[in-house]
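Below is one structure, written out as structure tokens, with a few remarks after it.
The values are calculated or read from the model by the stated rules, or taken from the named source; none is laboratory data. Small disclaimer: the values here were computed from a predicted structure and weren't measured. All Cβ positions, even for glycine, are placed from backbone atoms using ideal geometry, and neighbour counts span all protein chains on display. Only protein heavy atoms, including side chains, enter the accessible area calculation; ligands, DNA and RNA are left aside. Shrake-Rupley method; radii C 1.70, N 1.55, O 1.52, S 1.80 Å.
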Amino acid sequence: MNYEKTFEEIYNELLNREDRGSVADYIPELANVDPDQFGVCLTTVKREEFSYGDAEKRFSIQSIAKVLSFVMAYSSIKSNIWERTNLEPAGTPFNSLLQLEHDRGIPRNPFINAGALVICDILVSELASPKENIRAFIRRLSGNNTVDFNPAVAHAEKKAGSRNYAMIYLMKSFGNIRNDIETVMDLYCHLCAIEMSCKELSGTFLFLANNGVVPWSGERILSPSRTKRTNALMQTCGFYDEAGQFTFKVGLPGKSGVGGGIVAIHPEKYAIAVWSPRLNKKGNSYKGMLFLEEFTTKTRLSIF
Ligand code: GLU
């Protein structure tokens, strides 16, 4: 199958549709990104790679990194994650405070901001140098030693982070944040500031399509059972309060970020990353969602 040709066809079809999204504008580093860039890359578990457009251009992966911090905790940390965060779809925006008060500081899942903050708190408790450790972990998954944080984005995230501060203070009042708030926020903001290209992202997430083993190094990151569970969490919680839409239209487990990236997995087959910076009203890449919908429909490569 020549996926590159399929990518080009879908890209051209989508050109004729009005792009109704707009870029994230809560920090200048995202607001100033050229909104017309577009990239896609699919990597198979047999390590074939198909790409199109700006597939090698790095962008801010934002909340896509929440899967990587979760996996790091799930794979190596002794604390019981499920006493600190739930695993149900949120049904509210990614930065909502409403449910946190109601559920006494326990986030609905690890992929909304509150849940990712709790995971960061766990990592701060258990790792010697959490920022460096998570960067090294992501480099191992990607097989690329140049993947890094963008310090300007991390700084801007902190400055614009009032809602995240509100969440973390609220959770601390319920006893669900154990460490110094600035230390946890610093890790969280750096996590949001990781930059990768579609090629790097699809490669990095391939272990989730490969029963938990990184194909190029043979390193086992998660057991098959935990891999299945991580993919299930992406399916139900990976798209803010649009997880149902993504499942309905695309039919793959995945995760989005407000930088306009989406990564999705077909277990035992492939990982795909797409990037288009304009977002829809729910904060997911407008064109990225449409692109993946067309892709799984045309190729019949959804899990359903
Ligand atoms: N930096 C964003 C925040 O914490 C992440 C949002 C996202 O990509 O969902 O608000």
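Do any helices (runs of 4 or more DSSP H) entirely within segment 124-238 hold 2 or more residues that are among the aliphatic types (A, V, I, L, M) and surrounded by fewer than 17 Cβ atoms within 10 Å (Cβ to Cβ), and if so, which? So that I can check it myself, show each step before the final result.
Details: elements: 130-142, 151-159, 162-173, 181-192, 198-204, 206-209, 224-237.
In segment 124-238, no matching helices (runs of 4 or more DSSP H) lie anywhere.
Identify all residues within segment 77-94 that are within 22 Å of ARG178 (Cβ to Cβ) and in contact (Cβ under 8 Å) with a residue 12 or more places away in the chain; write none if there are none. Before you say what the answer is, go through the steps one by one.
Restricting attention to segment 77-94, the residues satisfying the condition of being within 22 Å of ARG178 (Cβ to Cβ) are 77-87.
Across segment 77-94, the qualifying residues are ILE77, LYS78, SER79, ILE81, ARG84, THR85, ASN86, LEU87.
Can you pull out the helices (runs of 4 or more DSSP H) entirely within segment 1-87 that have at least 1 residues that are under 22 Å from PRO253 (Cα atoms) and away from the ligand (no atom under 16 Å from the Cβ)? Steps first, answer last, please.
On the way: elements: 3-15, 28-31, 65-76.
Where helices (runs of 4 or more DSSP H) fall fully within segment 1-87 and carry at least 1 residues being under 22 Å from PRO253 (Cα atoms) and away from the ligand (no atom under 16 Å from the Cβ), they are 3-15, 65-76.
In this structure, does SER69 turn out to be within 20 Å of the chain's Cα centre (by Cα) and farther than 17 Å from GLY257 by Cα?
So SER69 does not fit the description; no.
Being within 28 Å of ASN231 (Cβ to Cβ) and surrounded by fewer than 16 Cβ atoms within 10 Å (Cβ to Cβ): is that true of LYS66 here?
no
Right, TYR52: among the aromatic types (Phe, Trp, Tyr) and buried (at least 17 other Cβ atoms within 10 Å of the Cβ) or not?
yes
Select, from TYR3, TYR26, TYR11, the only residue that is over 24 Å from PHE205 (Cα atoms) and aromatic (Phe, Trp, Tyr).
Step by step, each of TYR3, TYR26, TYR11 is checked, and only TYR26 is over 24 Å from PHE205 (Cα atoms) and aromatic (Phe, Trp, Tyr).
Scan (1) more than 26 Å from GLY218 (Cα to Cα); (2) modelled with pLDDT of 95 or more; (3) not in a helix (DSSP H, G or I) for the single condition ALA90 breaks and write down its number.
Single failed check for ALA90: (2).
Can you report the number of residues in segment 88-97 which are within 11 Å of the ligand (Cβ to nearest atom) and more than 16 Å from PHE239 (Cα to Cα)?
0
Please identify the pairs in which a residue from segment 140-156 that is farther than 12 Å from ILE194 by Cβ has its Cβ atom under 6 Å from the Cβ atom of a residue that is crowded, with 17+ Cβ neighbours inside 10 Å and of a type in the set (A, V, I, L, M, F, W, C), counting only partners at least 6 apart or on another chain.
Qualifying pairs under 6 Å: ALA156/ILE27.
Are any residues in segment 272-304 assigned to a loop (DSSP other than H, G, I, E, B) and open to solvent by less than 50 Å² (accessible area, probe 1.4 Å), and if so, which ones?
Once the filter is applied, which keeps residues that are assigned to a loop (DSSP other than H, G, I, E, B) and open to solvent by less than 50 Å² (accessible area, probe 1.4 Å), segment 272-304 yields SER276, PRO277, ASN280, GLY283, ASN284, LEU301, SER302.
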